[in-house]
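Inspection log for the structure reproduced underneath, given as structure tokens.
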Amino acid sequence: MEAGIALVRVCIAGSYAAMLTFIFLGAIWIYLSVFMKKDKLLKMSKKNSLMVLAIVVGLIVYAIGSNANYNTAHIETNDSSIKLGKKSATIFGYATPDTKVKTYLDGEEITPVEKSDSDGYFEFNAEAPGKWTVKVTKNGKTATDYIVVKKSSAWKKYQAKQGAKDAKEDFAAAYADAFEKLDSLGVDEHNTWASLDNAGTGGTIDDTLENIQKKNAKSILEVAGDFSDMEKDLKQLKAESVNDYNEYRLYYTDIKKLENTVLNPPAGEIDNFADAFEDQRNTVNSNLDLIY
């Protein structure tokens, strides 16, 4: 009797399939006990009795298993290791149905959280190599499994191509920002020098350079940051694509000349500065059309 009550409790806590199984068995038992107690058809042979018993036991085992599937934490991935494709690798497996599946790459949680469907199936794309761990929690218990995602030649080639693309985009952004600030500063220096000459007070660029650069100290610091970014991007390009590196190294050399002219103007008359500044700003401006 107590065993029967326990099974019913398991049934109630479990899935609808388990509950329906016990309802079905209960209905048959009542029908056979009350309405067909004296029916000759119930007088089965020992072989048939064992067969019916096996079916009943099988249904009970199924009901208990179904309950365990829905109400305990369990998870299993499709393999112990896989290789990345060009961009990613698909990780899939089975877990507690309708449950959140947390994923971790080398110990760091990845969002958003995945979820198993009503059959317990889950699937997601891993876009980086490493140890991917999956976790589910049910009724206070946690189950985990992991799969090692390895690099492939196709993934390495794609990463190199993508890395070069990203480096060129970052380089272009820093290049444009540095040019805008250097151009503005150079124009300010030239106009200030020209005003001194036109006023008849004479003077050289050295007389006003310090004050102008103090006024634009923030922009000069930002230009230094842009050059630092461009140098990092060049290192990335050198590692990924020699041809791209050689091309962008020339662009860098051009804007470096402009920086030297603006921050350290050539000695002599204003025309010396104006000629060098105009020539180099035109070169860098033309480079921007090629970079973008």
> In a shell of Cβ-Cβ distance under 14 Å around Gly93, excluding Gly93 itself, what net charge do Lys and Arg (+1) and Asp and Glu (-1) give?
Replying inline: -4
> Under unit Cβ charges (Lys, Arg +1; Asp, Glu -1), what dipole magnitude, rounded to 20 debye, does region 155-235 have relative to its Cα centre?
Replying inline: 700
> Where Rh denotes the Kirkwood radius from the mean inverse Cα pair distance, what is Rg over Rh for region 155-291?
Replying inline: 1.09
> Of the listed peptides 182-188, 71-77, 117-123, what is their order by residue-averaged count of other C-beta atoms within 10 Å, with the highest listed first?
Replying inline: 182-188, 71-77, 117-123
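Read-outs: derived from the displayed coordinates by stated rules, not from any lab. Computed from a predicted model, the values in this text were never measured in an experiment. With ideal geometry, Cβ positions are generated from the backbone for all residues, glycine too; neighbour counts draw on all protein chains shown.
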